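The values are calculated or read from the model by the stated rules, or taken from the named source; none is laboratory data. What you see is a predicted model, and the numbers here were worked out from it, not measured in a lab. A quick note on method: Cβ atoms are made from the backbone with ideal geometry, for glycine too, and the neighbour counts reach across all protein chains shown.
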Amino acid sequence: MLPVKDRYDEVFSVEIDGWCYGITKYPGEVFPALVHSVVKELGPSFRTAIEANHVFDILDIATRLSRAAKYLVDEREIAFSMLSQLPSPHLLGEEAQFVLAQVIDQVEQAYGGALDRLERKWNLEKRRAGGGSSTSDEQSIP
């Protein structure tokens, strides 16, 4: 296991706690798009955590966000939403790719299909950027 850089695990934990608290105390009715917006806002933090060698517990975070939203959004849906915010391994160094694989594997082991979805997404992104070869798999990730 790689050492976490700059104690980012602590910073990340505080950020997750803050977002969960914010959802819990949201003054209106919590709705799925709100939770997915929070997940999207967390995207840069996911990347920073990965680059800092922090293998965060994506399933625990999904559970905590779902609980904060009074279970109006399923944990599985949140976990896959979080996966969609992870950076492509092509944009990361070797250590960060190793950390990314460990984060993805948590969802793969719990639900299956995580790696397939991400590979399709990453291949589509590469083709759109003009950096990949064309294949028959033109599906996008829902």
TODO: Residues that are modelled with pLDDT of 95 or more and within 19 Å of Gly43 (Cα to Cα): find the helices (runs of 4 or more DSSP H) completely inside region 56-140 holding 3 or more of those.
DONE: 58-68, 75-84, 94-111
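Could you please find all residues in region 3-21 being surrounded by 13 or more Cβ atoms within 10 Å (Cβ to Cβ) and out of contact with any Phe, Trp or Tyr (no Cβ under 7 Å at 6 or more places or on another chain)? Step through it out loud before you land on a result.
Residues of region 3-21 that are surrounded by 13 or more Cβ atoms within 10 Å (Cβ to Cβ), as a first pass: 4-5, 8-9, 11-13, 15-16, 19-20.
Within region 3-21, Val4, Lys5, Tyr8, Asp9, Val11, Ser13, Glu15, Ile16, Trp19, Cys20 qualify.
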- [ ] Search region 1-26 for residues that are within 21 Å of Arg67 (Cα to Cα) and pair each with any residue that is charged (D, E, K, R) when their beta-carbon atoms are under 6 Å apart and the residues are at least 6 apart or on different chains.
- [x] Cys20/Arg64
TODO: Output the residue which, of all residues in region 40-74 that are surrounded by 20 or more Cβ atoms within 10 Å (Cβ to Cβ) and without any contact (Cβ under 8 Å) to a residue 40 or more places away in the chain, is nearest to Val4 (Cα to Cα).
DONE: Ala62
